[in-house]
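Report on the structure given below.
The values are calculated or read from the model by the stated rules, or taken from the named source; none is laboratory data. This is a predicted model, so every value here is computed, not measured. Here Cβ is always computed from backbone atoms with ideal geometry, including for glycine, and neighbour counts include all displayed protein chains.
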Amino acid sequence: MAASVNKDPWIQTFPQHPDDNPSAFFLRLTILAISNYCHGRKIVPPQCLKKRVIDGHELYTFEKEVEGGGKELMSAILQLKNVFATKTVSTVIFMVCGTSIDDPIESLYFNFSFDPVLQPSQFTKEETLAKIKEDTFKELNHLYAIAQALPSLSVPLLRFQLRYELNDSGKENAPMHESFVPIQVNPHVHKLYGVGADDLAIGMKLSRGESIHVWLHSKLIKSISEIDSQIAEYERTGLADETISDMNSTLNID
């Protein structure tokens, strides 16, 4: 079954200008990052994803009414809407697990900073918006290419975990969730894609310095250089046409 296609302008997904609402922008970027990662890894059924063309760029997002992956994942991420709106979230971890939720096969680590550290840009709002749009599509395509380049996940039953941590201002008003435990990955087992600042899975900074950085840990990476060459090829050729998955999955949010 082919995925449905929506052709939307930028404003249908993101704030008109992300500099005016970084928290809403980062939440939407997180949703698209996780959904396009899942699409590239082929770990949710195709009917759970919707192809969208945003300002001429093909991306995938979860079908929020389709059970079996799309509805559950979208609902879980949207449970974090308040900690984004209050700018109190510092870390979100999306984990793909097999038999143990304490030993993920792969993890996407999102780190957020909502503190403006720069003076207002000397560029016009139109110029900064154009740059943000360019970076957004470039980074999402890069993450999708990474997901495609990784070795296939062959585990028949996957368990998804979504965890988050609050920053200091958030902890003053609400304690860290009891079940949030940052996963201590073994560097000899979990290879990190994103060792240097220029090699992040995603790295974006807004005009005043608010930022999002995403790293990927995977047990399946054997050679970073081999992954890099495959990523370059996928980025050159673009998106695949179809997602195919026969895996079962469950999701918990902590």
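Kindly indicate which of 235, 210, 178 is at pLDDT below 85 and surrounded by 12 or more Cβ atoms within 10 Å (Cβ to Cβ). Step through it out loud before you land on a result.
Numbers: 210 fails: at pLDDT below 85; 178 fails: surrounded by 12 or more Cβ atoms within 10 Å (Cβ to Cβ).
Testing whether each residue is at pLDDT below 85 and surrounded by 12 or more Cβ atoms within 10 Å (Cβ to Cβ) leaves just 235.
Candidates 86, 128, 99: the one that is surrounded by fewer than 15 Cβ atoms within 10 Å (Cβ to Cβ), among the hydroxyl-bearing types (Ser, Thr, Tyr) and more than 17 Å from the chain's Cα centre (by Cα) is 99. Picking from residues in the stretch 101-128 that are within 19 Å of residue 221 (Cβ to Cβ) and assigned to a loop (DSSP other than H, G, I, E, B), the one that is modelled with the lowest pLDDT is 103.
Would you point out which residue out of 136, 99, 124 is within 15 Å of residue 202 (Cβ to Cβ) and hydroxyl-bearing (Ser, Thr, Tyr)? Steps first, please.
Values: 99 fails: within 15 Å of residue 202 (Cβ to Cβ); 124 fails: within 15 Å of residue 202 (Cβ to Cβ).
Going through 136, 99, 124 in turn, the sole match is 136.
Going by what's in this entry, would residue 164 be described as under 16 Å from residue 213 (Cα atoms), of a type outside the set (A, V, I, L, M, F, W, C), modelled with pLDDT under 65 and touching a helix residue (DSSP H, G or I) at 6+ places or on another chain (Cβ under 8 Å)? So residue 164 does not fit the description; no. Among the criteria (1) at pLDDT 90 or above; (2) touching a Cys at 6+ places or on another chain (Cβ under 8 Å); (3) basic (Lys, Arg), the one residue 28 does not fulfil is (2).
Any residue at all in the stretch 41-48 that is in contact (Cβ under 8 Å) with a residue 60 or more places away in the chain and hydrophobic (A, V, I, L, M, F, W, C)? Scanning the stretch 41-48 turns up at least one residue that is in contact (Cβ under 8 Å) with a residue 60 or more places away in the chain and hydrophobic (A, V, I, L, M, F, W, C).
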